[in-house]
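Presented below is the structure to which this report refers.
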Amino acid sequence: MHIFSKKVDLSNHLKENNLDKSSVGFVPTMGALHAGHLSLLKKSIENNAATIISIFVNPTQFNNPEDLKKYPRTLESDVEKIKTISEKILVYAPTIEDIYEGNTKSEHYNFDGLENQMEGKFRPGHFDGVGTVVKRLFEIVNPTNAYFGEKDFQQLQIVKKLVEKEKLSVTIIGCPIFREKNGLAMSSRNERLSENEKKEASIIFKTLNEAKILFGTKSAKEVAKYVTKSFSNHPIFELEYFEIADEASLLTCKRKNKKKKYRAFIAVFVNKIRLIDTISLN
Ligand code: PAF
């Protein structure tokens, strides 16, 4: 199994093995891998001659220093999980220096307003950090296809916009959310939850499903009111936002339009740990 911490070594390996001339699938991650990440790797293997996964906790996308400090870093067990899929997968686990070359700062991006909604509103600078690191990773890996989970649906739309605006030659493939048995969306941050918090977190997907049913007969505003009420006075969960938005523009749904596809988006805090989830409403 090849694990690279330097981009130059990864590039040399790709060239020496003629992999730079074949179809390369890429799965960018921040580690603490779960079944959702592994499904992205499986999809990449099915459709590409080579598969590369990056494991890099990107400092520039964290607006909260405590969140960055506490983000799980589990390289050894991540590598073991990757091996269960295939020993041929190439792992790029760089240092901050290898990515940022002494200037750990974000570029500023205009994603046509996608960056100003939801996660962008509540995590200022987050999508500049994501755009910066994803562009650098694409330059290093030069992938044919790149795989992203739909849990971070806004990120997925933003990465597609980045590719369009920067005219990058990579196809972005969105993949379905993986869930625990109780509906909790798989996330690296779940590693920080206690067993009780994990159990209670079923409220998030349960509420999204209720919102989906209600949206059949009620306005987006009425559904949002219901969700806010469901979380008010909850002993451990605090709602940060709930939004019903148009999938393409991510703008809040003011009046339903039959031609548009809508999605509900939610962010909650439990014991200072931030969890997000989303569901298609069509
Ligand atoms: O979704 C993630 O894990 C990260 O935002 C990404 C895309 C790897 C960029 O750091």
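The values are calculated or read from the model by the stated rules, or taken from the named source; none is laboratory data. What you see is a predicted model, and the numbers here were worked out from it, not measured in a lab. Ideal geometry is used to build each Cβ from the backbone, glycine not excepted, and the neighbour counts take in all protein chains shown. Accessible surface areas use protein heavy atoms only, side chains included; no ligands, DNA or RNA. Shrake-Rupley method; radii C 1.70, N 1.55, O 1.52, S 1.80 Å.
Any idea which of S249, T207, N190 is furthest toward the positive side of the dipole for the stretch 173-254, if Lys and Arg beta-carbons carry +1 and Asp and Glu beta-carbons -1?
Checked the options; the winner is T207.
What number, in percent, do you get for the relative contact order of the chain if the mean sequence gap of Cα pairs under 8 Å and at least 6 apart is divided by its residue count? Before the final figure, lay out the partial values.
Values: 464 pairs, mean separation 48.0, N = 282.
So the answer I get is 17 percent.
First select every other residue whose beta carbon is under 13 angstrom from the beta carbon of L168; then total the charges, Lys and Arg +1, Asp and Glu -1.
Working: positive: K135, R136, K160, K161, K165, K167; negative: E139, E164, E166.
In short, +3.
Tell me which residues come under 5 Å, amide H to amide H, from Y241 once H is placed; ignore anything under 5 positions away on its chain.
The answer is A267.
Which sequence of S39, S44 reflects their accessible areas, 1.4 Å probe, from the largest down?
Numbers: S39 25, S44 0 Å².
Output order, biggest surface exposure first: S39, S44.
Restricting the count to DSSP beta bridges whose residues both fall in the chain, what percent are antiparallel, rounded to a multiple of 5?
50
Based only on the alpha carbon positions, what is the Kirkwood hydrodynamic radius of the chain, in angstrom?
Computed over Cα pairs of the chain, the Kirkwood hydrodynamic radius comes out at 19.8 Å.
Expressed as an acute angle from 0 to 90° and rounded to the nearest 10, what is the orientation of the C-alpha long axis of helix 7-16 relative to the principal long axis of the chain?
60
I'd like the accessible area for K199: 1.4 Å probe, protein heavy atoms, all chains in place, Å² to the nearest 10.
Here the residue's solvent-accessible area equals roughly 130 Å².
If DNA, RNA and ligands are ignored and the probe is 1.4 Å, what is the ranking of E76, E119 by accessible area, most exposed first?
Numbers: E76 160, E119 10 Å².
Heavy-atom accessible area, descending, gives E76, E119.
Compute the signed sum of charges (Lys and Arg +1, Asp and Glu -1) over the other residues within less than 15 Å, Cβ to Cβ, of T144. Intermediate results must be reported in sequence, preceding the final value.
On the way: positive: K21, K43; negative: D20, E46, E139.
The answer is -1.
Just report the Cα centroid separation between the stretch 121-170 and the stretch 1-59, whole Å.
Using only Cα atoms to place each centre, the spacing works out to 16 Å.
Heavy atoms only, 1.4 Å probe, whole protein assembly: order E240, E180, E195 by accessible area, highest first. Don't skip to the end; give the middle numbers.
Numbers: E240 50, E180 80, E195 135 Å².
Solvent-accessible surface, decreasing: E195, E180, E240.
Expressed as a rounded percentage, what relative contact order does the stretch 27-163 have, with Cα pairs under 8 Å and six or more residues apart? Mind dumping the intermediate values first?
Numbers: 161 pairs, mean separation 42.8, N = 137.
Computed value for the stretch 27-163: 31 percent relative contact order.
Taking the Cβ of L250 as the centre, find all other residues whose Cβ is under 11 Å away and add up their charges (Lys, Arg: +1; Asp, Glu: -1).
Result for the neighbourhood of L250: -3.
Let me check against my output: what whole-number percent is the relative contact order of the stretch 103-187, with C-alpha pairs under 8 Å and at least 6 apart?
On the way: 80 pairs, mean separation 23.0, N = 85.
Normalised by residue count, the contact order of the stretch 103-187 is 27 percent.
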